[in-house]
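Student: The structure's right below; bear with me while I get my questions together.
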Amino acid sequence: MPYREGSRLPGERASRLGHLEVLKSDLVRQLCERFEDNTVDEPTTIPVWEPLPLGGSPLPIVFGVDGSLQVVTSEAPPHMALAFVKTALLAVDQYALSRLDKDAPHPFALRDILSKSAQFHATVFPLRHVSVPGMRNYDAVRQIVFESLKDPTLEGEPFETLKWLIYEKWSERGRNLAPFQCPHCEQEVATLPYDADEGICPNPACRGKLFVTDFLGFHQEMAPDSAPESIATSYMMVHETLLLFTAVRYFWQQQRQVCKRRRVASLHDWSGKNGSFCRSPAIDRAACAFRVDLHPG
Ligand SMILES: [Zn+2]
């Protein structure tokens, strides 16, 4: 406990890490010192500014997606934990926004624009020590993913988008589902007929029930009765990606040629620098296949 400031001497500053026994390493000592050092580092690299390209025309259709995740843990043992996931898709209504007062937009006018152009989705995952009677959390999470993507408030559109991507329904020929790891027998033999929502593992020794959402591989991250927080994070990123592609699918189906030429021109920008859309390799592969069709060669 540090002594307090007196009339003649300043107060003592207690080190927050000084009492900890840590590895006697110069590197660890430097890390602890840096943690307690309040000075802010000067930027070591000079930012490289790029000129804003002029010309061209504004994108006529702009969508934004985002998600949030909150883990709630009960205070009493056994510390049950649930993860709440929320995602939203917002279409930027440029005509409606142009009619707003740019300096002091009326909050009710903003609310009206949002209510017409935003779609929301929310779901919950059991992480630890909380379960549905008679059901393993492993299977509960698989079923929650399946039912959440079919969310009736979004009229099941993200689920249809998942099938549109993984069965390659955007191409005329379509594609059967590539074999994936069965959540029951763990063999890489699980598959479903074209466009199916559910099915049965073809392994005669297994015959376990499959959801098309098992293709996303969430079960590969789980233990029988607990799920890591990364399940909720992965779901949030998958759902954000599916919301975005739901908008793409809508325009693709309505105005395919226009979509090919102009309206999905920013598709490359949506992906990360490594070309990854989200944390699901299955969605990444499906989205990249769509991208190759959009920009062949
Ligand atoms: Zn199986």
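Laboratory data are not the source of any read-out in this text; all were calculated from the coordinates shown. Everything numeric in this text was worked out from a predicted model, so none of it was measured. Here Cβ is always computed from backbone atoms with ideal geometry, including for glycine, and neighbour counts include all displayed protein chains.
Student: For region 61-294, calculate the relative contact order in percent as a whole number, restricting contacts to Cα pairs under 8 Å that are 6 or more residues apart.
Tutor: Value for region 61-294: 20 percent.
Student: With an 8 Å Cα cut-off and a minimum separation of 6 or more residues, compute the relative contact order for region 31-148 in percent.
Tutor: Here the relative contact order equals 23 percent.
Student: Let me ask another. When a footprinting reagent is the concern and you count Cβ atoms within 10 Å, what order do Lys163, Lys169, Lys116 take, fewest first?
Tutor: Lys116, Lys169, Lys163
Student: Computed over the Cα atoms of region 61-294, what is the convex hull's projected area averaged over all directions, in nm²?
Tutor: One quarter of the hull surface, i.e. the mean projection, equals 15.9 nm².
Student: Relative to the present Cα-Cα distance, how much length would full extension add between Ala223 and Glu75 at 0.36 nm per residue of separation?
Tutor: 51.0 nm
Student: Beyond 24 Å between alpha-carbons counts as too far, so tell me which of Lys86/Lys209; Lys116/Lys169; Lys116/Lys163; Lys86/Lys116 fall in that bin.
Tutor: Beyond 24 Å: Lys86/Lys209; Lys116/Lys169; Lys116/Lys163.
Student: Then there is this: Using label points projected 7 Å from each Cα along Cα→Cβ, tell me how many nm separate Thr153 and Lys102, to one decimal.
Tutor: Distance between the two pseudo-spin positions: 3.4 nm.
Student: How far apart, in nm, are the 7 Å Cα→Cβ label points at Ile46 and Thr233?
Tutor: The two pseudo-label positions are separated by 3.6 nm.
Student: Between Val124 and Leu31, with labels modelled 7 Å along Cα→Cβ, what's the label distance in nm to one decimal, could you check?
Tutor: Output for this residue pair reads 3.8 nm.
Student: Ranked highest first by average number of other Cβ atoms within 10 Å, how do 76-88, 223-235 line up?
Tutor: Ranked by mean Cβ neighbours within 10 Å, highest first: 223-235, 76-88.
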